[in-house]
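Notes follow once the structure below has been shown.
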Amino acid sequence: MSIQNPWTTLETRVAYDNPWIRVREDQVINPSGGRGIYGVVEYKNRAVGVIPVDEEGYTWLVGQYRYTHHTYEWEIPEGGCPEGEELIDCARRELLEETGIIAESFEMILDGVQLSNSVTDEVAYIFTARGLSFTDAQPEPTEKIQVKRMPLEEAIELARNGTIRDGMSVMGLLWLGSQP
């Protein structure tokens, strides 16, 4: 089923640009025929998250202060996948950097989920990781991360009850919780 785009873009202006995002402001004619503006945040990286699961049914969450919301949050290991890096390689790298976990196998469970499609073009890819071994975490200099091991079912419940609020973490954990 093909639906024609009801928006007309008249002009685009880049309002802000850095190594991670570009913000643009479009002059538009909206679906009702009126003129207006539309702000769009374009992400230069894809979002990748990983839910490690060991043989005993435990997972690992990372805790860190999130500047944007001014809160400390627990979430799955996640980060940005730059152009040219394979999603699986990013998942492997982020898991190692944030937790010190090395996994034998990865399975993508969510593919190209739109994180906030009214204002951004950011998409997320979420993996599970199994066959775990451990070494030292290698966080980026800007990250101050705590790592917590807990039963996967407990992490799923934290996503269900609103304790975990990060969108990628909630999506991935609830997806796992819905599987037989």
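The values are calculated or read from the model by the stated rules, or taken from the named source; none is laboratory data. Predicted, not measured: the structure shown is a model, and the values here were computed from it. Because the Cβ atoms are built from the backbone with ideal geometry, glycine has one as well, and the counts that use them run over all protein chains shown.
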Please go through region 10-31 and pick out each residue that is within 22 Å of G80 (Cα to Cα) and part of a loop (DSSP other than H, G, I, E, B).
N18, P19, W20
Matching residues in region 127-180 - criterion: being hydroxyl-bearing (S, T, Y) and within 10 Å of L61 (Cβ to Cβ):
S169
So which residues in region 31-46 are surrounded by 11 or more Cβ atoms within 10 Å (Cβ to Cβ) and without any contact (Cβ under 8 Å) to a residue 24 or more places away in the chain, if there are any at all?
G36, I37
For region 95-125, name all the residues that are under 21 Å from E83 (Cβ atoms), touching a residue at least 40 places away in the same chain (Cβ under 8 Å) and of a type in the set (D, E, K, R).
E97, D121, E122
Given (1) touching an Asp or Glu at 6+ places or on another chain (Cβ under 8 Å); (2) not assigned by TED's automatic domain parsing to the domain that holds M108, where does V50 come up short, assuming only one miss?
(2)
Does region 32-48 contain any residue that is outside any loop (DSSP other than H, G, I, E, B), in contact with a Pro (Cβ under 7 Å, 6 or more places away or on another chain) and not acidic (D, E)?
yes
Condition (residue is in contact with a Pro (Cβ under 7 Å, 6 or more places away or on another chain), assigned by TED's automatic domain parsing to the domain that holds G100 and either among the hydrophobic types (A, V, I, L, M, F, W, C) or over 17 Å from M108 (Cβ atoms) (or both)) applied to region 142-163: is it met by at least one residue?
yes
Residue set P180, P141; condition over 21 Å from L96 (Cβ atoms) and free of Cβ contacts under 8 Å to residues at least 60 places away in the same chain; output residue P180
Inspect region 105-119 for any residue being farther than 30 Å from V40 by Cβ and of a type outside the set (F, W, Y) and give the result as yes or no.
yes
